[in-house]
Amino acid sequence: MGTSHNAGFTIIETMLFLAITGMLIAGLLVGVGTSLNIQRYHDSVTSLKSFLQSQYSAVTNVENDRDGTWNCNTSAATTQSGTTQNPGQSDCVLIGRYIMIDGGATTVATVVANPPPDVNGTSGDIGDLKANYTLGLSTVSEQIDSLAWGTVIAWPVAGTSSQNEPSAPTNAPMPRSIAILIIRSPESGSVYTFTADNPPAIGSMNNGKLKAMLKIGVGTPPSQEARTICVDSQGLVLASLNMAVYLHAYATDQTSVETRSNDTSAALGSGLKC
């Protein structure tokens, strides 16, 4: 009689197969996780850009969507008292948005102004606004949110300070805090942007502090200087892949906001690196 042989795997071959398969699956999961984190980070940067662009749209296309209990007095102080004051009949006009980004938290408040009965401006939009109007922030319409996927804004970590922004993170408060004031002149309709670093709590912003931000020209903030707002991934991606939302100097509309990688900044001649 002949001898029969049953083909099969040895224990060692089976263990090798399982080990190799396990490594391949682990590598696939790591790759998928990395891709997801990169996508999440890009989504966060793009969302911040879109958020800032939407504020310009809100300033340009003014919408008075308050209800009848929202009141604004001659001191540009807003309340929600329960008394009826129809939209368009208060003592104030809506002139802009005040945006505060503190680490990963964002807060937006409507900027209101109380004008005198007759405004005969002769000092230009901003000069007349400072001289003839009382400014305030709405205390009943704040929008509070956070950056996507746990990211925070940060200072550039390298580059010459040609834009008067600290380039060394050891010398700058972390996480970063910045205020962006977008104003639409009630006289000409022109839009202006001003920024300031490490602003006070939004609840303490008053007429004097708002007007202190209205400084025409570029230079040390508060001013109309271009700003490179780095977005720190908080570990989602390698530091070398960090990006920024760039706000052009003398920003006036949505096109003044864009995203930039470190390579893009370098190609455009900027010495700042996130």
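Check every one of the strands (runs of 3 or more DSSP E) wholly within segment 205-274 and list those with 2 or more residues that are of a type in the set (S, T, N, Q) and within 24 Å of ALA105 (Cα to Cα).
Here the list reads 257-261.
Within segment 159-181, is even one residue at pLDDT 95 or above, within 18 Å of SER256 (Cβ to Cβ) and touching a Leu at 6+ places or on another chain (Cβ under 8 Å)?
Within segment 159-181 (the criterion being at pLDDT 95 or above, within 18 Å of SER256 (Cβ to Cβ) and touching a Leu at 6+ places or on another chain (Cβ under 8 Å)), the answer is yes, since at least one residue qualifies.
Given the conditions (1) touching a residue at least 60 places away in the same chain (Cβ under 8 Å); (2) over 24 Å from SER57 (Cβ atoms), which single one is not true for GLY208?
(1) is the only condition that GLY208 fails.
Name the residues in segment 240-270 that are in contact (Cβ under 8 Å) with a residue 24 or more places away in the chain, hydrophobic (A, V, I, L, M, F, W, C) and over 26 Å from VAL191 (Cα atoms), would you?
Hits for segment 240-270 are LEU241, MET243.
Would you mention how many residues in segment 217-251 are surrounded by 14 or more Cβ atoms within 10 Å (Cβ to Cβ) and within 30 Å of SER75 (Cβ to Cβ)?
5
Conditions first: (1) under 16 Å from LEU247 (Cβ atoms); (2) modelled with pLDDT of 90 or more; (3) not β-branched (Val, Ile, Thr). PRO156 passes all but one, so which condition is the exception?
That leaves (2) as the condition not met.
Tell me which of these PRO221 doesn't satisfy, since it passes every other one: (1) on the phi > 0 side of the Ramachandran plot; (2) modelled with pLDDT under 95.
(1)
Please count how many residues of segment 43-80 are at pLDDT 70 or above, among the basic types (Lys, Arg) and either surrounded by fewer than 20 Cβ atoms within 10 Å (Cβ to Cβ) or in a loop (DSSP other than H, G, I, E, B) (or both).
So the answer is 0.
The values are calculated or read from the model by the stated rules, or taken from the named source; none is laboratory data. Predicted model, so just to flag it, every value in this text is computed and none were measured. Please note: Cβ atoms are built from the backbone with ideal geometry, for glycine as well, and neighbour counts cover all protein chains shown.
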